[in-house]
1. State the extension gain, in nm to one decimal, for the chain segment bounded by residue 203 and residue 247, taking 0.36 nm per residue of separation less the distance between their alpha-carbons.
2. Give the residues of region 251-295 whose amide nitrogen is closer than 11 Å to a point set 7 Å from the Cα of residue 325 in the direction of its Cβ.
3. How far apart, in nm, are two points set 7 Å out from the Cα along the Cα-to-Cβ line at residue 99 and at residue 135?
4. Just one of (i) 19.4; (ii) 23.0; (iii) 15.9 is mean projected area of the Cα convex hull in nm² calculated from these coordinates, so which is it?
5. Per DSSP H run of n ≥ 4, the term is -39500 (n - 2.57); total these for the chain, divide by its residue number, and report the mean residue ellipticity at 222 nm rounded to 500 deg cm²/dmol.
6. Of 98, 279, 256, 83, how do they rank once you tally other Cβ atoms within 10 Å and put the fewest first?
7. Would you mind calculating the gained length between residue 155 and residue 261 on full extension (0.36 nm times residue separation, minus the Cα-Cα distance), in nm to one decimal?
8. Within 10 Å of each residue's Cβ, count the other Cβ atoms and sort 87, 327 from fewest upward.
């Protein structure tokens, strides 16, 4: 799913890529703050309670919990009873709770927290019971007859034939590309995947899981294109600015931009230099939310003009639209 970087200039690109991975969490100043002030002021109160919460046993020791998105959220908190068990970024809206006990009933709730740190109310409680543990070294067969259809511009429905297992299938995992995006119980052979983009091509596969956490090979790939058009404007970084400075015997290009307001935190960007992908800039948990900045080596010569654009990898795994192009000449401004 990741575009392979193409060196834009022969020598500096490898240095640029190494710097991207290191600088993403070290030098840049701090997406699934929008509020202002305390409850009742201009920004309103804390986020609402997540809806559509479901819980399904994934194996004898795991439960998969999912929920719908809440606007203006930075993170979600998952609780088992009254205990916080995991925090996830806004783009995830799903989590596998592990290290549970077999043959045990569990109750879960979800709360949303915004960029100002305000924690919303608990969702409706959902329950799931893990099956009994079994001694089993055999994985289920791969799900067959995988098919799909689009369900509007932002969702698809997938169906498949039941897999077989000597002890029984407990759940099915749905993957979008190489990322797990959904899970349903072993008695189901259909799933709806939401939160997609219009006019975008997607690939899905399904795997079966048994109580001992043995996972089947992937079924056949289902390729679907959501209807409609997406010119990329809504997902493109905005306000891109480019300048140049001289340091350490060479010229550097300095970029700043505003991250797109999308469903979830943007943690990866791709920089295009002179019309080609030059590098991917990967952040950790400190990905910028209001303004991003990045500087990279462009070469030793002054007076060289470059064209620069930036795009973001979205929470559905696809690349968003490219920003407006900016031109910068080495030696201008320093």
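1. Numbers: separation 44, 0.36 × 44 = 15.84 nm, distance 4.48 nm.
My answer for the length gained is 11.4 nm.
2. 273-276
3. Spacing of the two 7 Å Cα→Cβ label points: 2.6 nm.
4. (i)
5. Numbers: 1 runs with 15 residues, N = 334.
Counting only the DSSP helices, I get -1500 deg cm²/dmol.
6. Details: 98 13, 279 26, 256 17, 83 7.
Least crowded to most crowded, the residues run 83, 98, 256, 279.
7. Working: separation 106, 0.36 × 106 = 38.16 nm, distance 1.99 nm.
Result for the pair: 36.2 nm of gain on full extension.
8. On the way: 87 14, 327 10.
Fewest-to-most Cβ neighbours within 10 Å comes out as 327, 87.
Bear in mind that the values in this text are calculations on the coordinates, not laboratory data. Bear in mind the structure is a predicted one, so any value in this text is a computation, not a measurement. Cβ sites come from the backbone with ideal geometry, for glycine too, and all protein chains shown count toward neighbours.
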